[in-house]
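Report on one structure; see the data block that follows.
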Amino acid sequence: MSLDRTQWPEDFEDEYYCEWVELDSDLHRKADIRDERRKAFTEAPRVAPVVDGYDEDGRPLDRRPLMNKLHHPMLSYLESAPVIWSEPGFGEDEFAPGEFDVPLNYRTDGAWIWAGAVPHYFRKHGFPPARYLKRHIIDNEFHLAEVDEGTRQRALAVVTGQ
């Protein structure tokens, strides 16, 4: 049977209970994903929340747990992005009261900005980043793009509100 639908007999679909369905090519889907990635890096960076929210016990929500094999690449990505703003000292750990070991900084990859608490809570307590940041990192296949000075300045303006 030919893939060309014009070559099919008129009653073929009825007789064999099938219908012609246009399938999206993987190439088109991947091209769309690449376009979305590029678009994310040309807009003003967005600030990711430290966690997605809290459950009734006060623990961060983890709607979609991260596979163990992705923990190390995710943490490496979060910790290797350039720091755009920092303050000396450390903040109090929200989930370990009395411990002051949370870095007071912000990092960016050009599309997203996240607090130093994000990799800290992921490393220490296993709380993954907020779902949109996590999805962005996975979609970019854990490849950290080079952040130019203009992008750093735009991200710093978002953080400082200037």
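The values are calculated or read from the model by the stated rules, or taken from the named source; none is laboratory data. Computed from a predicted structure; not experimentally measured. Glycine gets a Cβ as well: all are built from the backbone with ideal geometry, and neighbour counts include every protein chain shown. With ligands, DNA and RNA removed, areas are computed over all heavy atoms of the protein, side chains included. Shrake-Rupley method; radii C 1.70, N 1.55, O 1.52, S 1.80 Å.
A few remarks follow.
- Single condition Glu149 does not satisfy, out of (1) surrounded by 18 or more Cβ atoms within 10 Å (Cβ to Cβ); (2) within 18 Å of Ser86 (Cβ to Cβ): (1)
- Total residues in the range 80-92, condition closer than 12 Å to Gly116 by Cβ and surrounded by 12 or more Cβ atoms within 10 Å (Cβ to Cβ): 7
- Residue match in the range 8-19 (condition: assigned to a helix (DSSP H, G or I) and modelled with pLDDT of 65 or more): no
- Number of positions in the range 132-162 that are within 16 Å of the chain's Cα centre (by Cα) and among the basic types (Lys, Arg): 2
- Arg135 being surrounded by 13 or more Cβ atoms within 10 Å (Cβ to Cβ) and of a type in the set (Lys, Arg): no
- Of the criteria (1) open to solvent by less than 10 Å² (accessible area, probe 1.4 Å); (2) of a type in the set (A, V, I, L, M, F, W, C); (3) under 14 Å from Val51 (Cα atoms), which one Phe127 fails: (1)
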